[in-house]
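Visitor: First the structure, then my questions, so here it is.
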Amino acid sequence: MTIKENYELAKQSYEKWGIQVDEVLETLKKVPVSIHCWQGDDVTGFEVNQRELSGGIDVTGNYPGKATTAAELRQDLEKALSFIPGKHRVNLHAIYAETNGEVVERDELEPKHFENWVAWAKEQGLGLDFNPTLFSHEKAADGLTLSHPDEKIRQFWIDHCIKSRKIGEYFGKELGTPCLTNVWIPDGYKDIPSDRLTPRRRLKDALDKIFAEKLNESHNLDAVESKVFGIGSESYVVGSHEFYLGYALKNNKICLLDTGHYHPTETVSNKISSMLLYSDKLALHVSRPVRWDSDHVVILDDELKEIALEIVRNGALDKVIIGLDFFDASINRIAAWTIGTRNMIKSLLYALLIPHDHFRQLQEDGNFTERLALMEEFKTYPFGAIWDYYCEQMGVPVREAWLQDVKAYENEVLSKR
């Protein structure tokens, strides 16, 4: 049978539950995923005075062919995007500035240092998101930035974040779609602190200064990202979940949840519905922690499906800003982007093909037997046939066909770097 024939047959299984599959695919086309640029170069960036990766971040592996210039990184992103259905976004860090060989400190970065990225995004029809880079720097060597007791160091990072917001605003103005500018810091202590409050008070004051200037939300959206623990901050993180959740709610900022930033038994999927009650928007960095915040490539596992289900069943596709955050240098980096992003989109399709209203009513009626039975049966409904057809219709490879193209690109381009 052809892909189209399999699709038509699969549609019948879903449509008997009132799911209009053609409409589902139209909905899916409109959901952007913000693809992180740093998978392509192992989070090294392109600063002239490039520093060693730090801040509790570790990229393992030495697979050949990583991008060493912004032009190479954009070329690799284009290749990955050619395998991914839909129109999406690219997420940049400040260390991906292009300064034409000039040393430009992070508190001096300007929109002009990202003009090539904006021109490229316009050509590709992409939106851009942004992050100040508060790690891999001598002024973050002791693991403290916005909460640092040294006022001069703290001010340096405040100024960097202020500059980053202006860069995000520039992206939004130029591209006609708001840039999510997200603040994450590595601040914390390896061992038990003797004072938890004072660093958090300094962080709150720093954030107030960073966000003092109100920017047009049609150009820039501000987000703050929490973390529970990290390498070198196992005992205490200044910007904890509770800290940023409170700050975001009180100051009308977006709280960003990274799926790797919680303890192993905590799930981000279980937080989404609660946060949607109190927040107009929330943001995600979807990763795959393995025992710790190790940022493995996203796979189609139960938690990824549950995240998508929580977004879809709560009518929050326009409220949850979906971004990715993983970096694996042990495998082909373009394959990593492709696998992870396609899986994020697959999970959304899976969630869109569930009769949520029916399942919700079963729960309200106390019919837990039928609820459990149907939830399990839908796990093996012919979702794969719908995905194959969607890929074909969107002009990207079906199933694993993209892998041969990646291998050819590795031989022709990556192996020669």
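What follows draws every value from the coordinates through simple rules; no lab data is involved. Computed from a predicted structure; not experimentally measured. For neighbour counting, all protein chains shown are included, and Cβ atoms are generated from backbone atoms with ideal geometry for every residue, glycine included.
Visitor: Taking R0 as 35 Å, what's the FRET efficiency between Glu266 and Gln75 from their Cβ-Cβ distance, rounded to 0.05? Walk me through the numbers before you get to the answer.
Guide: Working: r = 38 Å, r/R0 = 1.08.
So the FRET efficiency works out to roughly 0.40.
Visitor: Excluding Thr2 itself, calculate the net charge of residues whose Cβ lies under 12 Å from the Cβ of Thr2, where each Lys or Arg counts +1 and each Asp or Glu counts -1. Write out the running numbers ahead of the final one.
Guide: On the way: positive: Lys4; negative: Glu5, Glu8, Asp388, Glu392.
Charge balance in the 12 Å sphere: -3.
Visitor: If you take every residue apart from Val59 with its C-beta less than 11 Å away from the C-beta of Val59, what net charge results, scoring Lys and Arg +1 and Asp and Glu -1? Don't skip to the answer; put the middle values down first.
Guide: Details: positive: Lys66, Arg333; negative: Asp41, Asp42, Asp58, Asp295, Asp328.
My count for the surroundings of Val59 gives -3.
Visitor: Based on the Kirkwood radius over alpha-carbon pairs, what is the Stokes-Einstein translational diffusion coefficient of region 278-344 at 4 °C with 1.567 mPa s viscosity, in µm²/s? Numbers along the way, then the final one.
Guide: Values: Rh = 12.8 Å.
The calculation lands on 102 µm²/s.
Visitor: Further, regarding this structure: Using the count of nearby Cβ atoms within 10 Å as a rough guide to exposure, how do Lys305, Lys87, Lys346, Lys30 rank from fewest to most?
Guide: Details: Lys305 19, Lys87 16, Lys346 23, Lys30 10.
Going from sparsest to densest Cβ surroundings: Lys30, Lys87, Lys305, Lys346.
Visitor: Between Ala373 and Met1, what length comes free when the chain is fully extended (0.36 nm per residue of separation minus the Cα-Cα distance, one decimal in nm)?
Guide: On the way: separation 372, 0.36 × 372 = 133.92 nm, distance 2.99 nm.
Residue separation times 0.36 nm, minus the Cα-Cα distance, leaves 130.9 nm.
Visitor: Now for a separate question. Most exposed first by the Cβ proxy, i.e. fewest other Cβ within 10 Å, how do Tyr170, Tyr96, Tyr63 rank? Could the numbers behind the result be given before it?
Guide: Values: Tyr170 21, Tyr96 25, Tyr63 16.
Listing Tyr170, Tyr96, Tyr63 from fewest to most nearby Cβ atoms yields Tyr63, Tyr170, Tyr96.
Visitor: Follow-up question, since we're still on this one. What is the local net charge at Lys152, summed over the other residues whose Cβ is closer than 12 Å to its Cβ (Lys, Arg +1; Asp, Glu -1)?
Guide: Combined, the nearby Lys, Arg, Asp and Glu give -2.
Visitor: What number, rounded to the nearest 500 deg cm²/dmol, is the helix-based mean residue ellipticity at 222 nm of the chain, given -39500 (n - 2.57) per DSSP H run of at least four residues and division by all its residues? Write out the running numbers ahead of the final one.
Guide: Numbers: 14 runs with 177 residues, N = 417.
Value at 222 nm, helices only, nearest 500: -13500 deg cm²/dmol.
Visitor: Rounded to the nearest 5, what is the percent of antiparallel bridges among the DSSP beta bridges in region 31-352?
Guide: Restricted to region 31-352, the bridges split so that about 15 percent are antiparallel.
Visitor: Determine the distance separating the Cα centre of region 99-122 from the Cα centre of region 6-80; give it in Å without decimals.
Guide: About 23 Å separates the Cα centre of region 99-122 from the one of region 6-80.
Visitor: Oh, and also: Run the quick spin-label model on Ser330 and Leu300: label points 7 Å from Cα toward the beta carbon, then report their separation in nm to one decimal.
Guide: 2.3 nm
Visitor: Straight distance only, please: which aspartates and glutamates reach the Cα of Lys204 with their own Cα at less than 16 Å, same-chain residues fewer than 8 apart left out?
Guide: Leaving aside aspartates and glutamates fewer than 8 places away in the same chain, those within reach of Lys204 are Asp150, Glu151, Asp159, Asp187, Asp195, Glu213, Asp222, Glu225, Glu242.
Visitor: Compute the normalised compactness of region 98-173: alpha-carbon radius of gyration over 2.2 N^0.38 Å, N being the residue count.
Guide: On the way: Rg = 14.0 Å, N = 76, 2.2 N^0.38 = 11.4 Å.
Compactness ratio reported: 1.23.
Visitor: Quick one: which residues, 5 or more positions from Asp258 or on another chain, have an amide H under 5 Å from its amide H? H modelled 1.01 Å from N in the peptide plane, none for Pro or chain starts.
Guide: Result for Asp258 returns Ser226, His285.
Visitor: Which angle from 0 to 90°, rounded to the nearest 10, does the C-alpha axis of helix 269-278 make with the longest principal axis of the chain?
Guide: Its long axis makes an angle of about 70 degrees.
Visitor: Ok, one more. What Kirkwood Rh does the chain have if only Cα atoms enter the pairwise 1/r average? Answer in Å. Walk me through the numbers before you get to the answer.
Guide: Working: mean 1/r = 0.0448 Å⁻¹.
Hydrodynamic radius (Kirkwood, Cα pairs) of the chain is 22.3 Å.
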